[in-house]
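Participant: Quick one: the structure is below, questions incoming.
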């Protein structure tokens with residue numbers, strides 16, 4: 001399966017670890033803003049945090065994911081949710097407008113397009129987390145290890161995995 005190809009699987013596992021780490025950091029440091037970006041060799045963590053705080057949460061996240069807490073791999077602030085919402089709402093809004101050449105017809109169809117967009121928006125709410133769980137993350141980390149956490153610049157850390 002394509003999701004199990006080496007670079008993709010490594011990225012999905014790092015994405016799960018990134019989410020779990022952010023969950024734990026958010027719980028320990030409420031109100032702190034943070035974000036992440038995963039790739040096959042680890043992830044970047046953006047936020048006003050110390051390297052020690054990230055080490056503690058990343059290692060705990062790793063342990064908890066390996067213990068079966070797969071729910072930590074799904075995060076409400078994930079870009080997958082945002083992309084799903086934008087794609088479905090936009091596609092649904094476009095559907096009643098496609099093929100209309102007349103500006104008058106388009107104006108008349110705008111309320112219907114907005115209604116369709118709301119349907120797409122509502123459908124995206126369960127679909128985004130489902131896509132995270134089954135496509136964009138992999139909570140089973142296998143033999144993945146955290147190798148290092150390196151400060152890149154103020155507010156940015158690189159979590160390196162292997």
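Participant: What is the ratio of the Cα radius of gyration of the range 1-63 to 2.2 N^0.38 Å, where N is its residue count, to two decimals?
Facilitator: Its radius of gyration relative to the 2.2 N^0.38 Å reference: 1.16.
Participant: Please report the base-10 log of the normalised intensity I(q)/I(0) for the range 101-162, using a Debye sum with one equal scatterer per alpha carbon and no solvent, at each q in 0.13, 0.16, 0.18 (1/Å).
Facilitator: The Cα Debye sum returns log10 ratios of -0.68, -0.76, -0.83.
Participant: With a cut-off of 8 Å between alpha carbons and a minimum separation of six or more residues, what is the relative contact order of the range 104-162 in percent?
Facilitator: 20
Participant: For the range 79-136, what is the convex hull volume of its Cα atoms per residue in Å³?
Facilitator: Value for the range 79-136: 67 Å³ per residue.
Participant: Please compute the contact order of the chain in relative form: average sequence separation of alpha-carbon pairs under 8 Å and at least six residues apart, divided by the residue count, as a percent.
Facilitator: That works out to 31 percent.
Participant: Taking only the alpha-carbon positions of the chain and ignoring solvent, what does the Debye formula give for the base-10 log of I(q)/I(0) at q = 0.10, 0.12, 0.18, 0.20 Å⁻¹?
Facilitator: Summing over Cα pairs of the chain leads to -0.46, -0.59, -1.00, -1.16.
Participant: Taking 0.36 nm per residue of separation and subtracting the Cα-Cα distance, what length does fully extending residue 8 through residue 106 add?
Facilitator: Extra length from residue 8 to residue 106 when fully extended: 31.1 nm.
Participant: On each of the three principal axes of the Cα atoms of the range 27-81, give max minus min coordinate, whole Å, ordered largest first.
Facilitator: Projected onto the principal axes, the Cα atoms of the range 27-81 cover 29, 26, 25 Å.
Any read-out appearing in this document is the output of simple, stated calculations on the displayed coordinates, not a laboratory observation. Please read all numbers here as calculations on a predicted model, not as lab measurements.
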